[in-house]
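Working notes, structure below.
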Amino acid sequence: MNDDIEILLVEDDAAKAERIMATLAAAVEPAAIRFTHAVDYETARDCLKQAHHDVLILDLHIPGAGQMPSPAFAIALLQDLVKGILNAPTHVIGLTQHEESALLHRESFARYLFHLEIFSHNDTGWARRIADKLRYLFDAQRAMSRYALSRSGTDILVVVARGGSEFVPISSRIDWVAEPQDGHVMFPGSRVLHGMVKTPSGEQRSLVFACFEEMGIAAAAVHSSNLLHVFRPKLVAMLGMCCGFRTAGRNANLNDIIVADEVACWDEGKYVEGTEDISRFISRAKTITVREPLAKYLSSFMERRGDALAKKLSKMPENTRLVRLSQLAGYSSPNIELKAGRIVSGLSVVSDREKVRSILERSPSAVALDMETYGVFKAAKSMPLFRPYFVAIKGVADFGFDKVDKRFDPAQKTASVLSYATFWEFMDFLEGETTFWE
């Protein structure tokens, strides 16, 4: 939020303009004023077309069309403002040293509750009164900004990291009420869809679906922070695929669904010297948990609907086609499981069995691995004033093995579709069995 007061001063007398700017700047401290100076009607119109100003300070006698200064040009500028031809400032203050002109045109200002002051070189009472008005406008704008930033602007923000394997398959499953708006002025060139969706229970919610199109914690945190500040969702959900564990007693299967109730960074820590020149890692991972009451609702959702949903997902065509292939390699059972637990995020793609074991030594309670969820949760938790709820639901698409069989690439898209199906079932649960949206 910019704390400067943007003022357009329209004054053709350079010495008088300098006096006005210096006097007001001193009078409103510690608030900061940023002046734009226009010397005639045409320049003022250009300024008001190109940018928004908090306040217009308008001399009654200004030149225009190559003619001598006249009140006609100041009144014409006022009329352009009230007609909506120009970007209207929050307030307009007339300032003139000609008392007879002020008396003649006071009604033109009073009609719109604009202010009109008599300028004097000898008495700075005009400056004190204008400064009082500026301070009030400054405080009002800050209060309005704080109020707006403390409230939700969108119901749901869904984010994914990858385009072809996550954004594309999920976007084809979203049930928009009408054709969504594709793209956003704040994110040129990015994949951003936004519009209204209908939940399974029939409620309509505003939804934004965005793709980072790059992997990693840092990228996820930056993109999430930008999206959160622009859309201010009540709930942000990280969906897509993840790596499950088939080692150290874990038995994840392709397409299992991981519902994260907490997240941490597996390579956040310190390497220190150990024995025989082998460094030792000391984990300093900080855990971010899903905050209440959403955590309670997630737990209740898993308890009440988890088993039935797992059976429903297992019968989806995407899963049954993949199962026939993956069973040949011993990677999957026909039945999907929903598992709640910790997702650990890291900076690197892991395709090494020994590294997986190392990660599990650092975070024994982890049930899945990805590269982005920690960044999304961290951005949401760090939002000023308004802090959205956050959740991550991901489908298992690989196991971090050193040998990757390309035949199982379809598991990535399937995992993303199943993660969205699970999330949408959770949305139905929130609508029908909780007071989350109230």
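The values are calculated or read from the model by the stated rules, or taken from the named source; none is laboratory data. It should be emphasised that the depicted structure is a prediction, and the values quoted were computed from it without experimental measurement. Cβ placement follows ideal geometry from the backbone for every residue including glycine, while neighbour counts extend to all protein chains displayed. Calculation scope for accessible area: heavy atoms of the full protein, side chains included, ligands and nucleic acids excluded. Shrake-Rupley method; radii C 1.70, N 1.55, O 1.52, S 1.80 Å.
Observations
- Among the residues listed as Ala25, Ala74, the single one being touching a residue at least 12 places away in the same chain (Cβ under 8 Å) and either closer than 20 Å to Arg128 by Cα or out of contact with any Lys or Arg (no Cβ under 7 Å at 6 or more places or on another chain) (or both): Ala74
Residue-wise test of (1) modelled with pLDDT under 90; (2) closer than 27 Å to Glu18 by Cα; (3) out of contact with any strand residue (DSSP E or B) (no Cβ under 6 Å at 6 or more places or on another chain).
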residue	(1), (2), (3)
Thr124	yes, yes, yes
Ala131	no, yes, yes
Gln141	yes, yes, yes
Ser145	yes, no, yes
Ala148	yes, no, yes
Ile156	no, no, no
Arg173	no, no, yes
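- Of note, Glu276 satisfies the criterion of being open to solvent by 50 Å² or more (accessible area, probe 1.4 Å) and at pLDDT below 80.
- Selection of the range 72-102 for residues being touching a His at 6+ places or on another chain (Cβ under 6 Å), under 17 Å from Leu116 (Cβ atoms) and not hydrophobic (A, V, I, L, M, F, W, C) yields only Pro89.
- Matching residues, the range 76-126, being over 11 Å from Leu56 (Cα atoms) and among the aliphatic types (A, V, I, L, M): Ala76, Val82, Ile85, Leu86, Ala102, Leu103, Leu104, Ala110, Leu113, Leu116, Ile118
- When we screen Val323, Val263 for residues that are crowded, with 19+ Cβ neighbours inside 10 Å, at pLDDT 85 or above and on the phi < 0 side of the Ramachandran plot, the only hit is Val263.
- Contact map, the range 106-135: first residue closer than 20 Å to Ala15 by Cα, second residue basic (Lys, Arg) and not in a loop (DSSP other than H, G, I, E, B), Cβ cut-off under 6 Å, separation 6 or more or different chains; the map is empty.
- Within the range 279-296, the residues that satisfy the criterion of being open to solvent by 60 Å² or more (accessible area, probe 1.4 Å) and within 14 Å of Val344 (Cβ to Cβ) are Arg284, Lys286, Thr289.
- Checking Ser190 against (1) under 30 Å from Glu438 (Cα atoms); (2) touching a His at 6+ places or on another chain (Cβ under 8 Å); (3) surrounded by fewer than 16 Cβ atoms within 10 Å (Cβ to Cβ), the condition it does not meet: (1)
- Summed over the range 7-34, the residues that are open to solvent by 40 Å² or more (accessible area, probe 1.4 Å) and either under 18 Å from Leu86 (Cα atoms) or among the charged types (D, E, K, R) (or both) give a count of 6.
- Going through (1) over 23 Å from the mean Cα position of the chain (by Cα); (2) within 21 Å of Ser416 (Cα to Cα) one by one, Phe138 falls short only on (2).
- Wholly enclosed strands (runs of 3 or more DSSP E) of the range 174-280 bearing at least 2 residues in contact (Cβ under 8 Å) with a residue 60 or more places away in the chain and out of contact with any Leu (no Cβ under 8 Å at 6 or more places or on another chain): 233-244, 257-265
- Scanning the range 300-311 for residues that are open to solvent by 70 Å² or more (accessible area, probe 1.4 Å) and closer than 25 Å to Val236 by Cβ yields Glu303, Arg304.
- Thr43 falls short on exactly one of the conditions (1) without any contact (Cβ under 8 Å) to a residue 40 or more places away in the chain; (2) farther than 18 Å from Leu8 by Cα; (3) assigned to a helix (DSSP H, G or I), and that condition is (2).
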